[in-house]
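Input: a single structure, listed below in structure tokens.
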Ligand code: GLC
């Protein structure tokens with residue numbers, strides 16, 4: 001195997017800091033809490049942590065509205081605590097990826113306070129001001145334009161009105177934001193996950209978006225128009241390349257982009273001659289039907305579209321998406337884990353998926369997420385997948401000693417780290433074993449993807465390199481299915497059968513996945 005970078009070899013683990021571990025009894029997770037749980041992550045076998053935003057914020061969008069990019073919100077700790085945590089992360093051989101939110105600031109950021117104060121303020125052009133709104137919409141419902149009475153103009157916000165969009169065509173904005181990247185890189189941060197990378201630059205003529213002829217009422221209103229002029233503009237690639245150049249001026253760092261686009265457009269974010277993002281997040285499995293055929297198609301399409309030399313990556317969950325265990329059910333969740341952790345390239349795992357956490361229903365009076373508050377009842381809310389990590393079976397799941405900011409899942413008495421540690425066939429054990437297998441058999445990391453097929457709702461593919469051929473068989477049905485296969489079983493989702501030699505064919509039990517060495 002050629003020399004791989006840490007972000008190619010290892011699994012990235014996303015932490016939603018509000019919900020991982022509280023150390024201050026305020027019911028909200030914090031950095032000292034994360035630090036106390038680092039050994040758990042080492043044992044799980046992940047290589048890097050990505051933290052959702054921890055910067056000072058009014059929390060209108062729970063940290064994705066940043067009021068100061070170069071400090072830590074008191075809810076989470078201090079810069080001093082951050083440095084200590086980072087030291088402890090590095091001491092364990094882990095890496096730290098921060099969330100970087102370049103598209104918009106908080107409306108409380110000093111830049112915006114200046115910008116809105118008068119039409120001739122030097123920072124006026126740091127944001128997008130117009131006399132009249134066009135038809136661009138907010139991702140959280142309603143118009144994307146807010147009238148500001150102080151100066152009588154409108155500003156654009158792709159998300160909440162408390163999240164005004166920056167004007168990335170202004171060189172001073174770019175310089176200021178790049179200084180922020182350097183601030184954290186100089187502190188020793190190992191890379192960034194860039195928020196809504198594909199939205200950063202908008203049409204300079206502010207043309208109206210075309211209406212979406214296939215919009216279905218009752219779905220998020222953002223889909224009423226097609227985002228032709230306020231998303232995925234050609235100029236964004238030059239900007240991504242400039243970010244990459246900056247990142248690469250530091251040794252051994254990574255640039256990840258959050259990009260929700262179809263495969264062909266997604267691939268462009270690797271950049272010309274791979275000068276773009278190291279990892280444009282691959283969300284293709286998030287929307288995919290849970291059938292062997294549909295997934296086989298996604299695997300083949302992604303593999304075929306990947307530019308030469310580009311490093312693949314796969315995601316099954318994040319803080320904006322329903323939990324996989326709720327999407328496919330508890331039995332298939334184990335199959336999903338085996339799928340994810342036998343795919344090529346870099347895998348990103350969302351906290352709690354390793355213990356099979358599910359979406360937690362949130363009573364209307366407890367809703368926190370503005371996406372749900374603004375457009376209630378259509379499934380836009382993200383609180384259900386952001387509930388506290390379930391460490392043990394005690395009433396507060398060892399997450400906090402205070403009142404948790406979101407409810408703890410009722411099923412945490414079974415689905416928790418402490419219980420699953422003792423249980424050799426648990427989801428936790430499965431994840432740990434699968435992550436270890438990637439290290440023992442690097443073919444799983446950088447072997448070719450081959451012979452992808454679907455039959456009787458069994459998905460199969462091979463991972464192949466000069467050292468080994470591994471066969472993965474995943475039964476997405478709840479029936480027993482006979483499959484033709486040969487090899488020695490390295491791992492079953494059901495925990496048994498290790499070492500079993502298969503000559504011609506075998507049976508997969510309902511929702512069983514197997515990894516075989518051929
Ligand atoms: C990204 C984040 C999401 C946030 C939005 C606005 O999609 O993942 O949580 O609400 O950007 O920053």
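None of the figures in this text is laboratory data; all of them are computed from the coordinates on show. The structure displayed is predicted, hence computed values, not measured ones. Note that each Cβ is placed from the backbone with ideal geometry, even for glycine, and that neighbours are counted across all protein chains shown.
Here are some notes:
- In plain terms, the residue of 488, 335, 173 with the fewest other Cβ atoms within 10 Å comes first and the most crowded comes last, giving 488, 173, 335.
- In the chain, the longest principal axis of the Cα atoms and the axis of helix 171-187 are about 50 degrees apart.
- Report note on the peptides 303-313, 161-171, 208-218: ranked by the mean count of other C-beta atoms within 10 Å, highest first, their order is 161-171, 303-313, 208-218.
- The chain, relative contact order [Cα under 8 Å, separation at least 6], %: 13 percent
- Peptides 96-102, 447-453 ranked from most to least packed by the mean count of surrounding Cβ atoms within 10 Å: 96-102, 447-453.
- Isotropically averaged projected area of segment 110-156, using the convex hull of Cα atoms (one quarter of hull area), nm²: 3.4 nm²
- Mean separation of Cα pairs under 8 Å and 6 or more residues apart, divided by the residue count, gives segment 263-331 a relative contact order of 35 percent.
- Fully extended contour minus Cα-Cα distance, from residue 169 to residue 90, at 0.36 nm per residue: 24.8 nm
- When each of 260, 351, 269 is scored by the number of other beta-carbon atoms lying within 10 Å, the sequence from fewest to most is 260, 269, 351.
- Spin-label model, residue 480/residue 413: points 7 Å from Cα along the beta carbon direction are separated by 3.4 nm.
- When DSSP beta bridges are restricted to pairs lying wholly in the chain, around 60% turn out antiparallel.
- Principal axes of the chain: Cα extent on each, largest first, Å: 77, 49, 48
- Computed over segment 368-518, the percent of Cα pairs more than 19 Å apart is 65.
- The chain: angle of helix 236-248 to the longest principal axis, Cα-based, in degrees nearest 10: 70 degrees
- For the peptides 44-55, 435-446, the ranking by packing is 44-55, 435-446, with the highest mean count of neighbouring Cβ atoms within 10 Å listed first.
- Helix 79-91 axis, angle to the chain major axis (alpha carbon atoms, nearest 10°): 20 degrees
- Cα pair count fraction exceeding 20 Å, expressed as % - segment 323-382: 41 percent
- Spin-label pair residue 501/residue 273, simplified geometry with 7 Å Cα→Cβ offset, distance in nm: 5.3 nm
- Ranked list, fewest to most other Cβ atoms within 10 Å of each Cβ, for 69, 421: 421, 69
- Shape metrics for segment 449-517, restricted to C-alpha atoms - Rg then Dmax, Å: 11.2, 35
- Under the Debye formula (equal points on every Cα, no solvent term), log10 I(q)/I(0) of segment 47-88 at q = 0.24, 0.33 Å⁻¹: -0.81, -1.16
- Calculated mean residue ellipticity at 222 nm for the chain: -7000 deg cm²/dmol, from DSSP H runs with n ≥ 4 weighted as -39500 (n - 2.57), summed, divided by the residue count and rounded to 500.
- In nm, spacing of pseudo-spin labels at residue 79 and residue 264 (7 Å Cα→C-beta vector): 4.7 nm
- Relative contact order (%) - segment 110-156, alpha-carbon pairs under 8 angstrom, separation at least six: 34 percent
- Shape category assigned to segment 235-366 from the gyration tensor of Cα positions, a/c cut at 1.5: prolate
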